[in-house]
């Protein structure tokens, strides 16, 4: 059984799998297509990704993949702790440019489901944090895009105490005001 929490951004949900614990450790079912389809989350994942952030305050994002390779994502933290963020970039959406974030950790077992049409980014709260996520389409470099992590029009509170560790690409990504979204509200169901 998975607990499903709605967020302020319709379609972005927090999933918390039930853990069955005993003296050996625990077991958790992190994805069950049939059960989640009954709850309105019907996705066929085609690729699993694994990322490690060696340093605390490593920030990755804000990223997306445009059609025809747009991706739904299911993100969890396999070790450590991250703050995971989704931003609505669907033209015509009543929540365009709005963001929601959730702390994901090994301890809390929470996962963030991010549908197509949203930016995704995260920052590590601990060194050696592992991020594991499923995506509904293959990685396609020609469809890849990003928006600046500290865009003032979005205003994400990353909870940073100093400058983050960034890739060069993320540090010079365009701002939302200079961006023409490839997503339209209501395009994906």
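Data table
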| quantity | calculated |
| --- | --- |
| Selection from region 137-149 of residues that are surrounded by fewer than 18 Cβ atoms within 10 Å (Cβ to Cβ) and either touching a residue at least 24 places away in the same chain (Cβ under 8 Å) or closer than 23 Å to residue 77 by Cα (or both) | 138, 139, 140, 143, 144, 145 |
| Selection status of residue 180, farther than 28 Å from residue 26 by Cβ, modelled with pLDDT under 95 and surrounded by fewer than 20 Cβ atoms within 10 Å (Cβ to Cβ) | no |
| Strands (runs of 3 or more DSSP E) within region 4-114 that include 2 or more residues surrounded by 12 or more Cβ atoms within 10 Å (Cβ to Cβ) | 13-17, 47-53, 59-65, 73-79, 81-88, 99-105, 111-114 |
| Condition met for residue 165 (exposed (fewer than 14 other Cβ atoms within 10 Å of the Cβ) and under 23 Å from residue 123 (Cα atoms)) | no |
| Qualifying positions in region 150-162 - more than 18 Å from residue 88 (Cβ to Cβ) and surrounded by 10 or more Cβ atoms within 10 Å (Cβ to Cβ) | 159, 160 |
| Condition met for residue 48 (farther than 26 Å from residue 156 by Cα, modelled with pLDDT of 95 or more and under 15 Å from the mean Cα position of the chain (by Cα)) | yes |
| Residue check for residue 31: within 27 Å of residue 146 (Cβ to Cβ), in contact with a strand residue (DSSP E or B) (Cβ under 8 Å, 6 or more places away or on another chain) and modelled with pLDDT under 95 | yes |
| Subset of region 141-168 (residues that are at pLDDT below 95 and part of a helix (DSSP H, G or I)) | none |
| Single match in 143, 77 (criterion: over 12 Å from the mean Cα position of the chain (by Cα) and over 20 Å from residue 6 (Cβ atoms)) | 143 |
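The values are calculated or read from the model by the stated rules, or taken from the named source; none is laboratory data. Values in this document were obtained by computation on a predicted structure and should not be read as measured data. FYI the Cβ positions are ideal-geometry reconstructions off the backbone, even for glycines, and counts take in every protein chain you see.
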